[in-house]
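Asks: Take this structure, written in structure tokens, and hold onto it; I'll ask about it next.
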Amino acid sequence: MKTKEEPKKEETSIQIPAMDIAIFKLNIRGTSPLICHKFSNKAKEMMLTPKDKKVSSAKRAPRNPEESFRESLYPIPGKKNAFGFPASGFKKAAVSACRQLDGINMTFVRGAFFVMGDLVEFDGTPTMREDMVRLNGQKADIRYRAEFKTWSAQLSIRYNKGSISIPQIVNLMNIAGFSVGVGEWRPERNGAFGMFEVEV
């Protein structure tokens, strides 16, 4: 008795297109002031100090507002009085902005383009601001940080042309600047600081 032959499976091949990597410059402009809060060396030392050796707040030296202001900044290496912000902050803002969109996920954006460099240099002058803060339900404290009331920057974007286009990146960065922002008290953290837009 002859058995029914199973139909032959068609062979399929997966096509993986070659990457087409390109770089372009993207100018952004702050639409609200940006607050910097870099971890100071003193804060890092406190985090590394064993709990039983930490000095109580009553025994700490008086706070130096000017020192706190300076330590909150991100200085550009090799340049005098030049400051910026971590490039990764702008990429993270773009990834987080995917929550506002349908059909595009964060995993895809993480691999589609990158903001090059360590720090993005700002065109702007920092000023000191004083804020009352309350951390983890503790008593109120004063923080001195740097604020850029007006600021702009140029991002160097490295992207895969086969995955995403310049207009898509521009639109995504505009959404990131409006709904996520960068720095302290940004929209993503229930604030309205650190907002930006792409300059055409």
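No value in this document is a laboratory result; all are computed from the given coordinates. Everything numeric here is computed off the predicted structure, so don't read it as measured data. FYI the Cβ positions are ideal-geometry reconstructions off the backbone, even for glycines, and counts take in every protein chain you see.
Asks: Pairs LYS38/LYS161; LYS79/LYS161; LYS80/LYS139; LYS91/LYS139; LYS92/LYS149; LYS38/LYS139: which exceed 32 Å Cα-Cα?
Replies: Details: LYS38/LYS161 34 Å; LYS79/LYS161 34 Å; LYS80/LYS139 37 Å; LYS91/LYS139 34 Å; LYS92/LYS149 22 Å; LYS38/LYS139 22 Å.
Over 32 Å apart, Cα to Cα: LYS38/LYS161; LYS79/LYS161; LYS80/LYS139; LYS91/LYS139.
Asks: Let me ask another. Can you tell me the FRET efficiency between ASN81 and ALA140 if r is taken as the Cβ-Cβ distance and R0 is 35 Å, rounded to the nearest 0.05?
Replies: On the way: r = 32 Å, r/R0 = 0.93.
Here the calculated transfer efficiency is 0.60.
Asks: Just to be sure I understand the model, the point goes 7 Å from the Cα along the line to the Cβ. What's the resulting ASN174 to ASP131 distance in nm?
Replies: 2.8 nm
Asks: Suppose the chain between THR107 and SER165 were pulled fully straight at 0.36 nm per residue; how much longer would it get relative to their current alpha carbon spacing?
Replies: On the way: separation 58, 0.36 × 58 = 20.88 nm, distance 1.67 nm.
Going from the current span to full extension adds 19.2 nm.
Asks: Any chance you could run the full-extension gain for ARG99 through GLN154? It's 0.36 nm times the residue separation minus the Cα-Cα distance, nm to one decimal.
Replies: Values: separation 55, 0.36 × 55 = 19.80 nm, distance 2.48 nm.
Length gained, ARG99 through GLN154: 17.3 nm.
Asks: Give me the extension gain from ALA192 to ILE21: residue separation times 0.36 nm, minus the current Cα-Cα distance, reported in nm with one decimal. Walk me through the numbers before you get to the answer.
Replies: Details: separation 171, 0.36 × 171 = 61.56 nm, distance 3.46 nm.
Difference between extended and current length: 58.1 nm.
Asks: May I ask you to order 181-192, 72-83 by the average number of other C-beta atoms within 10 Å around their residues, highest value first? List each step's numbers first, then the result.
Replies: On the way: 181-192: 18.7, 72-83: 13.3.
In decreasing order of mean packing, 181-192, 72-83 become 181-192, 72-83.
Asks: Quick check: from the Cα gyration tensor, does region 82-148 come out rounded (a/c under 1.5), prolate or oblate?
Replies: oblate
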